[in-house]
1. Looking at the stretch 224-241, can you tell me whether even one residue there is out of contact with any helix residue (DSSP H, G or I) (no Cβ under 7 Å at 6 or more places or on another chain), within 16 Å of ligand 1 (Cβ to nearest atom) and acidic (Asp, Glu)?
2. I'm checking my understanding of the structure. Among residues of the stretch 230-243 that are buried (at least 20 other Cβ atoms within 10 Å of the Cβ) and under 22 Å from Trp46 (Cβ atoms), which one is farthest from ligand 2 (Cβ to nearest atom)?
3. Of the residues in the stretch 9-41, how many are among the basic types (Lys, Arg) and either at pLDDT 95 or above or assigned to a helix (DSSP H, G or I) (or both)?
4. Select from the stretch 42-55 the residues that are touching a residue at least 24 places away in the same chain (Cβ under 8 Å) and either outside any loop (DSSP other than H, G, I, E, B) or out of contact with any Pro (no Cβ under 9 Å at 6 or more places or on another chain) (or both) and list them in ascending order.
5. In this structure, does Ala44 turn out to be near ligand 1 (Cβ under 6 Å from one of its atoms) and farther than 12 Å from Gly201 by Cβ?
6. Can Gly68 be described as within 11 Å of ligand 1 (Cβ to nearest atom), in contact with a helix residue (DSSP H, G or I) (Cβ under 9 Å, 6 or more places away or on another chain), more than 30 Å from Ala206 (Cβ to Cβ) and of a type outside the set (S, T, N, Q)?
7. Hey, could you check the stretch 24-47 for residues that are among the small types (Gly, Ala, Ser) and crowded, with 21+ Cβ neighbours inside 10 Å and say which is nearest to Gln4 (Cα to Cα)?
Amino acid sequence: MSCQTCHRPGLYGTDALPKSIGAEHRLNARNAPTVLNAALQFKALWIGNRADVEDQAMKSLTGQTSFGNPETAAVIRKLKALGYEAEFKQAFPNDPEPVKPENWGKAIGAYERTLVTPSPFDAYLKGDAKALTPQARNGLKTFIDLGCVSCHNGVAVGGSAFRKFGMFGDYWTETGSPSIDEGRFKETQNPADKYLFKVPGLRNVAMTPPYFHDGSVATLPQAVRVMGKVQLGKELTDQDVSDLVAFLNSLTGELPQEFATEPVLAPRTFSATPP
Ligand code: HEC
Ligand code: HEC
């Protein structure tokens, strides 16, 4: 299993599933967000239980749902068997034991930090007014006037705070979520953290359905309606929704060259467990 099993280039760094399927077909508890621009956010994962992309990569090695490696030693054996040792030595020349989870985290994180996707909206911010269609410009105004921007702001257009999903009523009544996820509360056990999730960055959001932490909403217009209802207490008009979607489309950037093709993996001719 590699990172791009669930973060696929052809799907803008996602797997297009409501919830990911990991090692031994185990169902992940949440939807896979894109790895594109992920490093721009203040924390990693839906409930922010990883400090940054380096921490995420390192801990994913022994995370049970995605890779299913029993413990660190098994991971190190696997990395060596896959032939990565020479590259670790080259990247960490002063480290006597270069193949270790911390260095894996640093290396993957360094790569992820290159996965940024400048978009028409960035060209607009740099002064090219024509980079946005008139409808996208209306959508930007709506995004600001309605208050979407109070949560989705900064360089990632989100990814800078935790907020309750369901400011105006239970989110699951609008999303139809089959089960209720208590969000950050699961990590902290603090009642004030119930239903808190990281406000996701919205770059490339038009390319990454289905939506929300549980992939419960299939289309972007519907996700925008749900946001209006449960985050702002407003019934959005059809015009608002299509303008907002036009603006969100302008956040779609080009895939970085070094992410545009899927890698060919070594065949599984080795055993990760010692004989
Ligand atoms: C089995 C599918 C799967 C695999 C394999 C996988 N991921 Fe993920 N990834 C997910 C899911 C699901 C989440 C969200 C989990 C959550 O928030 O609870 C996620 C979240 C992330 C995030 C956080 C994004 C954000 O916006 O917070 C990053 C970064 C990431 N993965 C990178 C990686 C890297 C690097 C690898 C390889 C080492 C990897 N993933 C392998 C499914 C996968
Ligand atoms: C009070 C804060 C807040 C406001 C206001 C808000 N959002 Fe959100 N938004 C969130 C949070 C939190 C989530 C993550 C919900 C979840 O899945 O747990 C989210 C998720 C989304 C998603 C889904 C992203 C994905 O990758 O699944 C979209 C699209 C979105 N918001 C657009 C908007 C739009 C458009 C507006 C204005 C109409 C808006 N938001 C207003 C906090 C907010």
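1. No: the stretch 224-241 contains no residue that is out of contact with any helix residue (DSSP H, G or I) (no Cβ under 7 Å at 6 or more places or on another chain), within 16 Å of ligand 1 (Cβ to nearest atom) and acidic (Asp, Glu).
2. Checking each candidate, the answer is Val230.
3. 2
4. Within the stretch 42-55, Phe42, Lys43, Ile47, Gly48, Asn49, Asp52, Val53, Glu54, Asp55 meet the criteria.
5. For Ala44, the condition - near ligand 1 (Cβ under 6 Å from one of its atoms) and farther than 12 Å from Gly201 by Cβ - is not met.
6. Yes: the conditions hold for Gly68.
7. Per the stated criteria, the residue is Ala32.
Residues are listed down the side, and each one gets a yes or a no for (1) hydroxyl-bearing (Ser, Thr, Tyr); (2) away from ligand 2 (no atom under 16 Å from the Cβ):
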| residue | (1), (2) |
| --- | --- |
| Gln41 | no, no |
| Ile47 | no, no |
| Asp52 | no, yes |
| Ala91 | no, yes |
| Asn103 | no, yes |
| Tyr111 | yes, yes |
| Lys130 | no, yes |
| Gly139 | no, no |
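The values are calculated or read from the model by the stated rules, or taken from the named source; none is laboratory data. From a predicted model like this one, the values you see are computed outputs, not experimental measurements. Please note: Cβ atoms are built from the backbone with ideal geometry, for glycine as well, and neighbour counts cover all protein chains shown.
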